[in-house]
Amino acid sequence: MNEILTLRNVNKSFSSFKLKDVNIDIREGEIVAFLGPNGAGKTTTIKLIMNSIKRESGEIYFLEERVKQNDVDYRRHIGYMPESGTPYEFLTAREYLEFLLGVYGADKSRAKEKIKEVLEIFNLKDDKKHIRTYSKGMKQKVLFIGSIIHNPKLLILDEPFNAIEPQTAMLMKNILFEMKEGGCGIIFSSHILEIVEKLADRVILINNGEKVGEGNISSIKERGGLDEFFRTLTNSYQIDENTEKLIDVIKS
Ligand SMILES: Nc1ncnc2c1ncn2[C@@H]1O[C@H](COP(=O)(O)OP(=O)(O)O)[C@@H](O)[C@H]1O
Ligand SMILES: [Mg+2]
């Protein structure tokens, strides 16, 4: 399998947070899950891959070519679903998707047909409503569509399933499997371990700005499952003790 994305010793710090020497390899035709507690550095890593924030040191390679700090062109081949929504919420879903396909250089009349079909598949109305008036789940659908509509080589999804209804989650999972079969490399962050277990080939665990674990789903399952993997490697989770404590606090 060919390498699609490589991160070598990537570093970034904010005032009270450091992402330290992150090394990641994503190959074509695999689905990799980023796992880690809130604030671990998953979104920061994703933003560094997209060059939407500047790394302090380290190298990023996309399709074996070095990505420089100000490069944007390589992003045409990447689909990105941000965690925090889009700045283009003042557009309708159709306008937003037309805008994206325009950026990707798609043929205009084909783009219109494509968008019509895709909105129908996702049960979204092609109407005059602005994205900002959508529910959280509807917004996520539009962002997901926006990330796959140009058939990218690498797909990066930041918490794609958070507010998604079950039937759409199933549709999304099937689409991701098909894209993977077609050679797409896929990275997604999620807290939903059941989905990670079903979808991912490999898991990368980030804690406190560091990659603390990595493994194939099959071998993690053999060694006690994802829950155990997460618990052991993040060791901030004295769940039983904390449950007792919390119950005491709320009863007091
Ligand atoms: N622009 C920023 N300025 C200051 N701190 C930030 C900024 N972005 C993220 N952080 C901090 O970096 C840490 C990691 O955040 P993030 O990567 O969003 O975590 P995750 O996605 O794993 O929940 C958090 O402590 C967060 O507050
Ligand atoms: Mg995040």
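Coordinate-derived values only; no laboratory data. Note that the structure is a prediction, hence the values are computed from the model and not measured. Cβ coordinates were reconstructed from backbone atoms using ideal geometry, including for glycine residues, and neighbour counts include every protein chain displayed.
Could you check the spin-label model distance between Phe122 and Lys251? Points 7 Å from the Cα along Cα→Cβ, value in nm.
Each label point is offset 7 Å from its Cα along the Cβ direction, giving 4.7 nm.
Ignoring the sites themselves, what is the longest stretch of the chain with no trypsin sites (Lys or Arg not before Pro) in a DSSP loop and at most 12 other beta-carbon atoms within 10 Å?
129-222
Quick one: 3J(HN,Hα) in Hz for the stretch 216-231, Karplus 6.51/-1.76/1.60 with θ = phi - 60°, rounded, Gly and Pro as x.
Coupling constants for the stretch 216-231: 6, 3, 4, 6, 5, 4, 5, 9, x, x, 5, 3, 5, 4, 5, 4 Hz.
Can you tell me what share of the DSSP beta bridges in the chain is antiparallel? A percent to the nearest 5 is fine.
Of those bridges, close to 60 percent are antiparallel.
How high is the relative contact order of the chain, given as a whole-number percent (alpha carbon pairs under 8 Å, six or more residues apart)?
Once normalised by length, the contact order is 27 percent.
Taking the Cβ of Phe229 as the centre, find all other residues whose Cβ is under 13 Å away and add up their charges (Lys, Arg: +1; Asp, Glu: -1).
The answer is -1.
Would you mind calculating the relative contact order of the stretch 22-169 from Cα pairs under 8 angstrom and at least 6 residues apart, reporting the percent as a whole number?
29 percent
Pairs of alpha-carbon atoms within less than 8 angstrom and 6+ residues apart define the contacts here; what relative contact order does the stretch 121-205 have, in percent?
Relative contact order here is 29 percent.
Given 0.36 nm per residue, what is the gain on full extension from Arg8 to Gln69 after removing their alpha carbon distance, in nm?
Here the segment from Arg8 to Gln69 would lengthen by 20.6 nm.
So if R0 is 41 Å, what FRET efficiency would Thr243 and Phe90 give, r being the distance between their Cβ atoms, rounded to the nearest 0.05?
0.40
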